[in-house]
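Below: the structure, in structure tokens.
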Amino acid sequence: MDYLQLATQFKEPLLKGKYIHLDIIHPLLEKLKLDFKITEIGKSVQGRSIDQVKIGTGKIKILMWSQMHGNESTTTKGLFDFFNFLNSDSDFAKQIKDNYTLLCIPMLNPDGAFLYTRENANQIDLNRDAFDRTQPEMQLLYAVYSEFQPDFCYNLHDQRTIFGTEDFKLPATVSFLSPAFNDAREYNETRLKAIYVINRMNAVLQNYLPNQIGRFDDSYNVNCTGDFFTTQNTPTILFEAGHYENDYDRDLVRSYLFIALLSSFEVNYENVIVDKELTNYLNISQNNKCFYDFIYKNVKIIENSEEKIINFAAQYSEELHDGQLKFIAKISKIDDLQNFKGHIEYDCENGLYSSIGLHFPIIGENADFIINNLTKFHNGLIII
């Protein structure tokens with residue numbers, strides 16, 4: 001099966017960039033009503049609708065949700081691409097609908113999506129509210145979970161550009177986790193069921209993203225949604241959409257999320273060798289915070305009348321201005337940075353740093369500067 005060709009074929013053209021909110025997906029949900037069951041399950045803090053999409057009639061039940069964090073939209077795009085595939089006349093799409101019942105919440109945090117914030121309108125991280133359930137969005141998710149009684153949960157997220165694969169120092173373009181159920185992070189049958197599916201997805205994705213698949217940290221917190229549902233004995237898989245070279249809008253990464261989703265339904269649950277599955281899972285490279293968006297090497301600075309050669313890094317801040325998402329490069333670290341890589345790196349060859357009359361970078365300032373009064377950088381990049 002040519003997964004990447006399918007991802008391209010079924011890409012939803014109305015979803016582009018990272019600023020995806022309810023006004024954008026509502027027309028798509030209306031269109032899906034022709035073939036799938038769409039239900040409003042409740043309202044957000046600010047009164048925006050939260051909808052679910054029900055697909056299929058099979059005995060294996062899977063609950064999925066995306067944009068629990070409002071500024072994490074890549075998996076939402078991948079999910080609608082997946083809906084397009086399921087709405088096709090493909091034999092595999094029919095097989096999925098015959099064998100599975102899918103209940104999908106494509107935007108759990110519509111207020112955060114509109115405001116482009118991680119938190120909801122009450123400034124609460126919904127992924128730290130699973131046990132306490134103080135927020136209406138999490139009360140809705142738990143009510144759906146309790147009524148549906150899924151066999152698996154898919155918890156769909158984005159991760160920052162700082163993550164790479166520990167052994168390979170490549171961007172962690174897609175990462176997975178079978179969450180822990182206790183502080184000791186032991187493995188039980190529930191976790192192993194999720195691991196088995198993850199291993200299938202990893203095996204397929206390695207054909208397209210060799211050494212760029214990560215394994216997310218499994219530190220336990222019962223208020224994290226995946227950890228909580230795992231403690232309820234429901235196998236849960238965390239999906240994290242990460243960075244791919246020059247794809248800051250993540251319109252390429254969405255294709256790999258589509259591939260992950262699609263391949264997860266090709267699992268053969270017979271003849272599972274538990275020891276081998278756990279070994280394969282633990283061999284997936286651990287996520288490692290080893291990247292910055294920009295690294296500038298061999299930069300001369302003058303501070304307190306002393307000349308030094310330093311390295312420094314800049315990171316994009318994603319900011320909403322007049323309904324448009326802007327990537328603003330800000331200076332974030334001054335260090336030797338020997339254990340870090342930049343998605344973009346510059347060797348400044350001992351050239352002198354200058355910005356607003358100063359000859360040294362300041363953390364938190366925009367990455368707008370000049371080297372040797374000749375080479376200009378604006379928003380992190382060389383101006384040509």
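Brief remarks on what is shown
- Residue in segment 41-89 that is surrounded by the most Cβ atoms within 10 Å (Cβ to Cβ), counting only those that are among the small types (Gly, Ala, Ser) and touching a Pro at 6+ places or on another chain (Cβ under 8 Å): Ser66
- Residue in segment 146-156 that is in a loop (DSSP other than H, G, I, E, B) and within 30 Å of Val45 (Cβ to Cβ) present: yes
- Checked against the criterion of being touching a strand residue (DSSP E or B) at 6+ places or on another chain (Cβ under 7 Å), more than 20 Å from Ser73 (Cβ to Cβ) and in the same structural domain as Ile96 (by TED's automatic domain parsing), the candidates Lys169, Lys193 yield just one match: Lys169.
- Only one entry of Ile370, Ile331 meets the criterion of being in contact with a strand residue (DSSP E or B) (Cβ under 8 Å, 6 or more places away or on another chain), in contact (Cβ under 8 Å) with a residue 24 or more places away in the chain and of a type in the set (Val, Ile, Thr), and that entry is Ile331.
- Only listed residue being hydrophobic (A, V, I, L, M, F, W, C) and either assigned by TED's automatic domain parsing to the domain that holds Val144 or part of a loop (DSSP other than H, G, I, E, B) (or both), chosen from Ile310, Ile259: Ile259
- Exclusive hit being basic (Lys, Arg), surrounded by 13 or more Cβ atoms within 10 Å (Cβ to Cβ) and over 26 Å from Tyr248 (Cα atoms), set Lys300, Lys330, Lys341: Lys300
- Looking only at segment 1-32, and only at residues there that are of a type in the set (D, E, K, R) and surrounded by 11 or more Cβ atoms within 10 Å (Cβ to Cβ), the one that is nearest to Lys54 (Cα to Cα): Lys31
- Residue that is surrounded by the fewest Cβ atoms within 10 Å (Cβ to Cβ) [pool: residues in segment 124-145 that are under 20 Å from the mean Cα position of the chain (by Cα) and outside any helix (DSSP H, G or I)]: Asp125
- From the options Lys330, Lys300, Lys326, residue that is over 24 Å from the mean Cα position of the chain (by Cα) and assigned by TED's automatic domain parsing to the domain that holds Tyr353: Lys300
- Checking each residue in segment 160-190 for being surrounded by fewer than 20 Cβ atoms within 10 Å (Cβ to Cβ), under 20 Å from the mean Cα position of the chain (by Cα) and under 26 Å from Phe228 (Cα atoms) picks out only Arg160.
- Pair list, Cβ < 7 Å and 6+ apart or interchain, from segment 95-107 residues that are within 11 Å of Pro150 (Cβ to Cβ) and in contact (Cβ under 8 Å) with a residue 60 or more places away in the chain to residues that are of a type in the set (Gly, Ala, Ser) and outside any strand (DSSP E or B): Tyr100/Gly56; Tyr100/Gly58
The values are calculated or read from the model by the stated rules, or taken from the named source; none is laboratory data. If you're wondering where the values come from, they're calculated on a predicted model, not measured in any experiment. Counting neighbours? That spans all protein chains shown, and the Cβs are built from the backbone with ideal geometry, glycine included.
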